[in-house]
Amino acid sequence: MPLARALLLAACAALLPLAGRAADRDGDGLDDALEQALLERFAPVVLLAPGERARPASVDWFLARSEGLSRPPRLRPQRAARAGSADPRDWTVYGHVVPARAGGVLVQYWFFYPFNDGHWLFDHEGDWEHVTVKLGPDLAPEGAWYARHEDSHPGRWFRWAALAREGEHPVVLSARGTHASYATPDEVPFYDRTCGARAPEEAARRGCRVWRTWA
């Protein structure tokens, strides 16, 4: 296995595809079936902005279009891979469920984009974005953190009642090119662009791509 591929796979070892989690591999004491059920129950709806040129993909999709270089160890993806996959079946969300230190459970979702197209600054290959849903001790949702730019550890907090949702699936507005995660169009800064609607049906009518990550 090329060193570059081994390094990337090692970095992703804790992030399991939503459809493929079958064992308690992190040994955190949470039942496997429960973890899978929570991942599916709260998986977000991601709304991609109109004109998005840097679509999602999966790590495997990206590696298949990259060449490993050993000195220094890094990946050199094909330039065409920057656009991500045109086939939504290649779009993969990675999930991680862990007990929260203060009680309850954290359900985290990671999205992979082959390229960050930042308009004029900070373009780079390989863009990971994430949101984290916080559940109480009774596993009822309390809110979620939406990661973006300088506020990504873990992100901006929103109470559950303040979030747009499709059923129990929170809606995430993905910024065009940078893929920062926003909860409402009103909070988007001047340098980012997102879908102008939070309801998936209205978003689709406005030319936004609707990514139901659990599907």
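Just so you know, all these numbers are worked out from the coordinates, no wet-lab data involved. Note that this is a predicted model, so its numbers are computed, not measured. All Cβ positions, glycine included, derive from the backbone under ideal geometry; neighbour counts span all protein chains shown.
For the chain, with a Gaussian network of springs between Cα atoms less than 10 Å apart, report the residue from Tyr182, Tyr113, Tyr191 with the top mean-square fluctuation. Maximum fluctuation in the GNM of the chain, among the listed residues, is at Tyr191. Restriction of the GluC sites (Glu not before Pro) in segment 155-200 to DSSP coil positions whose beta-carbon has at most 12 other beta-carbons within 10 angstrom yields Glu168.
Extending 7 Å from Cα along the Cβ direction at Ala102 and again at Ala140 yields two label points whose distance is 1.7 nm. Where in segment 136-168 does the label zone of Ala37 land, with the point 7 angstrom along Cα→C-beta and an amide N cut-off under 18 Å? The answer is 136-142, 168, whose backbone nitrogens lie closer than 18 Å to the label point. Our helix-only sum for the chain, with -39,500 (n - 2.57) per DSSP H run of n ≥ 4 divided by its residues, gives a mean residue ellipticity at 222 nm of -3500 deg cm²/dmol.
Highest GNM mean-square fluctuation among Asp60, Asp31, Asp186, for the chain modelled with Cα contacts below 10 Å: Asp186.
Of the peptides 195-208, 42-55, 151-164, the order by per-residue mean of other Cβ atoms within 10 Å, starting with the highest, comes out as 42-55, 195-208, 151-164. Computed over every Cα-Cα pair of the chain and binned at 10 Å starting from 0, the pair-distance distribution P(r) comes out as 8, 34, 36, 19, 3, 0 percent.
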